[in-house]
Amino acid sequence: MIVLGIETSCDETAAGVIRAERPGHGEILSDVVRGQVEAHAAYGGVVPEIAARAHVEVVDEVVAKAMADAGLGFADLDLVAATAGPGLIGGLLVGLTTGKAIAAAARLPFRGINHLEAHALTARLTDELAFPYLLLLVSGGHSQFILVEDLGSYRRWGTTIDDALGEAFDKTAKLLGLGYPGGPEVEKRAADGDPTRFAFPRPLADRPDLALSFAGLKTAVRLAAERTDPLDAQAICDICAGFQAAIADVLAVKAARALAQLRSETGTDAPTLVAAGGVASNRTVRQALAGAAEDAGGRLVVPPARLCTDNGVMIAWAGAERAMAGLEDDPEITARPRWPLDADAAPLVGYGR
Ligand code: ATP
Ligand code: MG
Ligand code: FE
């Protein structure tokens, strides 16, 4: 089936067209992502109202380009999918309304997609990955371990109790005077830094659960920066390296714990860990996760970088998977700023966490 996917939940306006046959055999026909980095750069983070307006301005153009790149017209589609949540309400409404309008005009079925489910399933577009597996989603808005039991069946095993990991990278970069988004800047500096010069905490590492916390680490970075004189280029590199090392250690410990839980609960002896979200493109983080997966007798799967961050292709793929499996969906679905993947999860503070 041929599917158009639209994503507007945060700060990317994205649309993609795919041909979906079966897991591991999805074909990407087009993938258009329009970021809003410049619009938010001055604020060091995403400003919801600015994001919503930017989505309105470019969504038509982005969808038109995705269709043109695929060489298709709306009549060639079998399904339209758009992110319905979680995310920023203004942005969600833009993508959802656009998707519904296209579906109505072209007389196509429509599916409103959970953004987190799309992240959880993306790896199956290119990899014949069988359920169950463990997802570590680490992005600007989320940091969680999710058991992907089956299509439509997810359990959140652990989440951050404060900042998301990408947010911690962004805030750290901001207080060190580096650019936004902060993750790639911090990674670049860390490559020239000494990770042992500053001893940063490993938050919650010895707590016997899968909870994560990054706010304290950010404070530790601030204190280190304030106490270091001169705070020269080398000192900044050393702080970045120390910060990244702390994160890699914490993720390795928690991933090992989560994989042990996956082994014991599902009886699998080759547990798979899938990493997604912008932070999954960090090489130090990947190495730590790959090590944990190998130690557990399993493997780490990281989708191609383009598919790790927000995109329309993953929304199309999630729609295709649900449609191919015959899962029912509500065509009248409206924007859901908070929409935890596991229906019975307790609502938490902050959007979508
Ligand atoms: P969400 O998907 O949760 O709604 P988002 O749009 O912010 O939020 P992504 O686009 O997946 O998430 O990822 C962006 C985040 O990833 C930013 O916080 C950015 O700093 C971080 N990031 C990107 N590249 C790297 C890297 N190399 N190292 C660390 N962090 C990175
Ligand atoms: Mg983003
Ligand atoms: Fe995302």
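Observations
- One residue from 225, 246, 256 being assigned to a helix (DSSP H, G or I) and under 18 Å from residue 294 (Cβ atoms): 256
- Residue match in segment 5-24 (condition: free of Cβ contacts under 8 Å to residues at least 12 places away in the same chain and over 18 Å from residue 116 (Cα atoms)): yes
- Boolean, residue 264 is more than 15 Å from ligand 1 (Cβ to nearest atom), surrounded by fewer than 21 Cβ atoms within 10 Å (Cβ to Cβ) and under 20 Å from the mean Cα position of the chain (by Cα): no
- Tallying residues that are in contact with an Asp or Glu (Cβ under 8 Å, 6 or more places away or on another chain) and away from ligand 1 (no atom under 15 Å from the Cβ) within segment 4-20 yields 5.
- Whichever residue in segment 30-46 is among the aliphatic types (A, V, I, L, M) and crowded, with 21+ Cβ neighbours inside 10 Å and, among such residues, is modelled with the lowest pLDDT: 46
- Flag if residue 94 is away from ligand 1 (no atom under 14 Å from the Cβ), more than 30 Å from residue 225 (Cα to Cα), in contact with a His (Cβ under 6 Å, 6 or more places away or on another chain) and at pLDDT 95 or above: yes
- For segment 180-202, the criterion of being more than 11 Å from ligand 1 (Cβ to nearest atom), under 17 Å from residue 277 (Cβ atoms) and either surrounded by fewer than 17 Cβ atoms within 10 Å (Cβ to Cβ) or modelled with pLDDT of 95 or more (or both) is satisfied by no residue at all.
- Test result for residue 255, buried (at least 20 other Cβ atoms within 10 Å of the Cβ), within 16 Å of ligand 3 (Cβ to nearest atom) and under 23 Å from the mean Cα position of the chain (by Cα): no
- Listed by first and then second residue, the pairs linking a residue in segment 68-81 that is at pLDDT 95 or above to a residue that is among the small types (Gly, Ala, Ser) and surrounded by fewer than 17 Cβ atoms within 10 Å (Cβ to Cβ), with Cβ atoms under 7 Å apart and 6 or more places separating them unless they lie on different chains, are 74/106; 75/106; 77/106.
- Set 272, 334: member being of a type in the set (Ser, Thr, Tyr) and crowded, with 17+ Cβ neighbours inside 10 Å: 272
- Looking only at segment 155-179, and only at residues there that are surrounded by fewer than 23 Cβ atoms within 10 Å (Cβ to Cβ) and touching an Asp or Glu at 6+ places or on another chain (Cβ under 6 Å), the one that is nearest to residue 45 (Cα to Cα): 179
- Residue under evaluation residue 207, criteria (1) farther than 21 Å from residue 141 by Cβ; (2) in a helix (DSSP H, G or I), criterion not met: (2)
- Restricting 108, 72, 96, 79 to residues that are out of contact with any Pro (no Cβ under 9 Å at 6 or more places or on another chain) and closer than 22 Å to residue 126 by Cβ narrows the list to 72.
- Taken over segment 135-173, the residue count meeting the criterion of being away from ligand 3 (no atom under 16 Å from the Cβ) and β-branched (Val, Ile, Thr) is 2.
- The set of residues in segment 132-154 being surrounded by 22 or more Cβ atoms within 10 Å (Cβ to Cβ) and more than 16 Å from the chain's Cα centre (by Cα) consists of 133 alone.
- Any hit, segment 77-84, residues being out of contact with any Lys or Arg (no Cβ under 7 Å at 6 or more places or on another chain), more than 15 Å from residue 103 (Cβ to Cβ) and among the hydroxyl-bearing types (Ser, Thr, Tyr): no
- Within segment 172-191, residues that are assigned to a loop (DSSP other than H, G, I, E, B) sit with their Cβ atoms under 6 Å from residues that are away from ligand 2 (no atom under 15 Å from the Cβ), at 6+ positions apart or across chains, in these pairs: 176/236; 178/185; 179/185.
- Per-region count, segment 8-26, residues within 11 Å of ligand 3 (Cβ to nearest atom) and more than 20 Å from residue 71 (Cα to Cα): 4
Here is a yes/no grid of residues against (1) under 21 Å from the mean Cα position of the chain (by Cα); (2) under 18 Å from residue 308 (Cα atoms):
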{"position": "8", "(1), (2)": "yes, yes"}
{"position": "14", "(1), (2)": "yes, yes"}
{"position": "23", "(1), (2)": "yes, yes"}
{"position": "28", "(1), (2)": "yes, yes"}
{"position": "54", "(1), (2)": "yes, no"}
{"position": "75", "(1), (2)": "no, no"}
{"position": "93", "(1), (2)": "yes, no"}
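The values are calculated or read from the model by the stated rules, or taken from the named source; none is laboratory data. Computed from a prediction, not measured in an experiment: that's the story for all the values here. Quick reminder, even Gly has a Cβ in these numbers, built from the backbone with ideal geometry, and neighbours come from all protein chains shown.
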